[in-house]
Structure formats: C-alpha cells, structure tokens
Amino acid sequence: MNSFPRKLITEWRRLSLAVEGGTMIVACSGGADSCSLLLAVKELTDRKKLGHNIIAAHFDHGLRNESSDDAEFVRELCNTNGIEFVLGREHVSQRGNLEENARNARYSFLARTAQKHNAFAVLTGHTINDQAETFLLNLIRGSGSDGLSAMPPVRPLAKCDADLVRPLVRIATREETVEYCAGHGVEFRRDPMNEDPSFTRVRIRREVIPLLSELNPR
C-alpha cells in the first residue's frame, strides 16, 4: 500500500472514526487535494480497511466558464472508479466577500447532501498547507485564540447530523496529494482563482509562506 493511504487509515483510527457500516460524503472539487482523498478512501475500501459507502459530492459555483468542465471531470473520475456522484449547482453572489459566499454555499450543499443520504461524515481534502494558510490568515485578521487554533480535524457540520472531517489536515502536504494523483494517472483540475493575488489567502500562499519557509525550512 502506498504511504498516502497508509497514513490516512492510521489517522482515521487515531481520530476514532467508524470504520464500517455507514455512508460518507467526500467533497471533490477536482483539484489534487480532494481527488487524492477520494482515491485514497476508495483504495482503503477496496482493501477492506474501510467498509463505508462512498459518495463524491461536487459543487459548481458557476463562477468560471470552466466550472462545468470541472464537474464533468469529477463525474468521469467517479465513473471510472465506481463511485457514486452527486452534483450541486448554484450561482454564487459576487456581492460582498466572494470567497466567503462561495464557501457558505458549498457547505450548505454538503450539509444537504449528508442529510439526504444519512451520512455520518463529510470529508474534505484540506491539507497541512491549508492549515498553515488558515492560521496565518487568522493571525493577520487579528483573530483570538479560537481563530489561531485554525481548523480542527473533526467538528460538527451545521444544519445536519454529520461531522465535518478533514483527515489530511495533520498528515499530508499539497505536494503529497499531487504525487498521489500522479501515481494514479489523474490529471487533476487547476482553479485559476487559486492563483489570483487579489485574494489574501493566495498572497499568503505565494509570498508569505515561501518567505517563512526560507527563514525556517521546517
């Protein structure tokens, strides 16, 4: 077994998550992080390390011309791997904070999907990189101790009975998710918004973290 799914099942057990008998929703945008999570969960299921029904959920924000292509990519990935696929579509308002509007719409869709399918968990592909970015973003915004604790690996998901689970947030880097996808021949989708410096998170990713890494490679 590749080290990526091996680390995932070890973290799964450490978090005391159920190993069989339920349904879980895996949020999949088509990017490297969420695709690697979906594929690793499927590998663990195929190897009988997990015994859950897997449903991949993709949300189309309607913010880019290529968004329908992202949805079709995830649908085809699911068809190839025998994974049930659910699609949600909504044109997100661009008034106010676009990033926050998109996030709220996405999580509302995931909560509805979890409730409909009686899922015990919604999994997202947040990585160590995302955790670092969130911490620094909250620090810059002047958040208190709750904000600086950043993202917990498990928390209740609002408006449903499922937990939001981020199983990669303490065990995998973005580089590892890219490598795992490459090993499976998956040419994941890339969102141009992740390269747009008008978003503070992108500037943190492209400017602040490289500088911090230079000062302290660890």
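The values are calculated or read from the model by the stated rules, or taken from the named source; none is laboratory data. What you see is a predicted model; the values in this text were computed from it and never measured. For neighbour counting, all protein chains shown are included, and Cβ atoms are generated from backbone atoms with ideal geometry for every residue, glycine included. Just so you know, the surface numbers come from the protein's heavy atoms only, side chains and all, with ligands and any DNA or RNA stripped out. Shrake-Rupley method; radii C 1.70, N 1.55, O 1.52, S 1.80 Å.
With all protein chains present and a 1.4 Å probe, how do ASP146, ASP196 order by accessible area, largest first? Intermediate values should be presented prior to the final figure.
Values: ASP146 130, ASP196 55 Å².
Per-residue accessible area, sorted high to low, gives ASP146, ASP196.
Given charges of +1 on the Cβ of Lys and Arg and -1 on the Cβ of Asp and Glu, with all other atoms neutral, how large is the dipole of the chain about its Cα centre, in debye to the nearest 20? Walk me through the intermediate numbers first.
Numbers: 29 positive and 29 negative charges, 130 e Å.
With only Lys, Arg, Asp and Glu charged at Cβ, the dipole is about 620 debye.
The solvent-accessible area of HIS58, taken with every protein chain present and a 1.4 Å probe, is close to 10 Å². Across the stretch 175-218, the convex hull enclosing all Cα atoms gives 74 Å³ per residue. Simple point charges give the picture: +1 on the Cβ of Lys and Arg, -1 on the Cβ of Asp and Glu, and for the stretch 1-130 a dipole about the Cα centre of about 540 debye.
How large is the charge dipole for the stretch 143-202, taken about the Cα centre, if only the Cβ atoms of Lys, Arg (+1) and Asp, Glu (-1) carry charge, to the nearest 20 debye? Magnitude of the dipole: close to 180 debye. Starting from a Cα-only point model with no solvent, please compute log10 I(q)/I(0) by Debye for the stretch 36-116 at q = 0.10, 0.21, 0.26 1/Å. After summing over all Cα pairs, the log10 values are -0.29, -1.01, -1.25.
Build a GNM of the chain with springs between Cα atoms under 10 Å apart, and of LEU38, LEU87, LEU123 the one that fluctuates most is LEU87.
Please tell me which of these pairs span more than 28 angstrom C-alpha to C-alpha: LYS42/LYS116; LYS49/LYS159; LYS48/LYS116?
Numbers: LYS42/LYS116 21 Å; LYS49/LYS159 30 Å; LYS48/LYS116 26 Å.
Going by Cα-Cα distance, LYS49/LYS159 fall outside the 28 Å limit.
Taken as entire DSSP H runs, the helices of the chain that both span 15 Å or more between Cα atoms along their own long axis and average 0.5 or more on the Kyte-Doolittle scale are 32-46, 128-140. Between the residues SER68, SER34, VAL122, the greatest Cα displacement towards the positive end of the dipole of the stretch 30-145, with unit charges on the Cβ of Lys, Arg, Asp and Glu, is found for VAL122.
Restricting the calculation to Cα atoms, the stretch 67-185 yields a radius of gyration followed by a Dmax of 16.0, 45 Å.
Take the solvent-accessible surface of the protein heavy atoms, probe 1.4 Å, and return the percent of it on the stretch 84-153 that carbon and sulfur atoms account for.
On the way: 1870 of 3830 Å².
Whole-percent figure for carbon plus sulfur exposure: 49.
Here the convex hull built on the C-alpha positions of the chain has a volume of 133 cubic angstrom per residue. Protein heavy-atom accessible surface, 1.4 Å probe, per residue over the chain: 54 Å².
Relative to its residue count, the stretch 135-191 spans a Cα convex hull of 150 Å³ per residue. Taking a straight line from the alpha carbon of LYS7, these aspartates and glutamates sit under 13 Å away, with near neighbours fewer than eight places off in the same chain left out: GLU43, GLU176.
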